[in-house]
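Beneath this line is the structure, given in structure tokens, with notes to follow.
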């Protein structure tokens, strides 16, 4: 890993302009993280309600919702087939 690229010296933030810019970045990131927290809470509430309404386990609904959101059914099927293949190789003599 390139440590030079990931290292920031304190002298870079001693400048008021740089410090103000960095503070702006941190505030913007914090605002977006707050929005993510709210969205996660909303998703959990929706999953709870759906689990009760349809009598489907919440973990199953979460998996289906992720597949639906990412439109990743074919990748999931490939992954499941690979897992089954490895499992069968381990358990079949």
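A short reminder: the numbers here are calculations on the coordinates, not readings from a lab. Every value quoted in this text rests on a predicted model; they were computed, and no experiment measured them. When we count neighbours, we look across all protein chains shown, and the Cβ atoms used for this are built from the backbone with ideal geometry, even at glycine.
Below is a table of values for the structure above.
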quantity: Hits in the stretch 44-71 (condition: touching a helix residue (DSSP H, G or I) at 6+ places or on another chain (Cβ under 8 Å) and surrounded by 12 or more Cβ atoms within 10 Å (Cβ to Cβ)); calculated: 47, 48, 50, 51, 56, 58, 61, 62, 65, 67
quantity: Check on residue 52, under 16 Å from the mean Cα position of the chain (by Cα) and in a helix (DSSP H, G or I); calculated: no
